[in-house]
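Take a look at the structure below.
Derivation of every value follows stated rules applied to the coordinates shown; laboratory data play no part. Keep in mind it's a predicted model, so treat the numbers as computed, not measured. FYI the Cβ positions are ideal-geometry reconstructions off the backbone, even for glycines, and counts take in every protein chain you see.
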Amino acid sequence: MKSLQENDSIMHMELASHTVSAAAFIFKKGRLLLIHNPRKGWETPGGIIENGETLIAALKREIQEECGLCVEIQYLSSITSVVNSSKGYNGVKKILPLIIFDFVCECDQEEVILSEEHDDYCWIEIDQAFKLIRKDLLFRLESSLNKKIDFFGCTKEAETEVFEEIRVGE
């Protein structure tokens, strides 16, 4: 039986707070879209979910805002947890620990219309993408190619019913 002091400390335990983000690995005819952010280097479209927004709505909004594309969402490819807080930007003071949901998407459009936060883009062969992207994107890109869901850096086959049904295509 727990002591009164142990119960009191459990009741006052601080719950973790996280920011949720959605990102897209967008493919067109076997090539991957990379966008260049002057602050962070080559990356894929994505961003933080806004209040009242669903994961898929945020993903579509971020893709539209950052590169002007309409895509077909294929599948969830990874879930990443970043436990450190980071300095904010664009009026946000601090970004809490982050949970990133990565999706693989297909696109038929050629023309990309970049947001103000990006200054270049390329449709690139996969082997070349591994040479350009930031280190933190490497395992996420690899997971997107394997058609597996990657949980926090530990790759697993999507065996459960929940994740077998995550084809979102709307």
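Things to note:
- The stretch between N37 and D119, if pulled fully straight at 0.36 nm per residue, gains 28.9 nm over its current Cα-Cα span.
- C-alpha center-to-center spacing [the stretch 56-80, the stretch 100-137] in angstrom: 12
- Those residues of the stretch 12-49 whose amide nitrogen sits under 17 Å from the label point placed on D108, 7 Å along Cα→Cβ: 27-31
- For S81 and K147, the difference between the fully extended length at 0.36 nm per residue and the C-alpha to C-alpha distance is 21.8 nm.
- Ordering of 39-47, 19-27 by burial proxy (mean other Cβ atoms within 10 Å per residue, highest first): 19-27, 39-47
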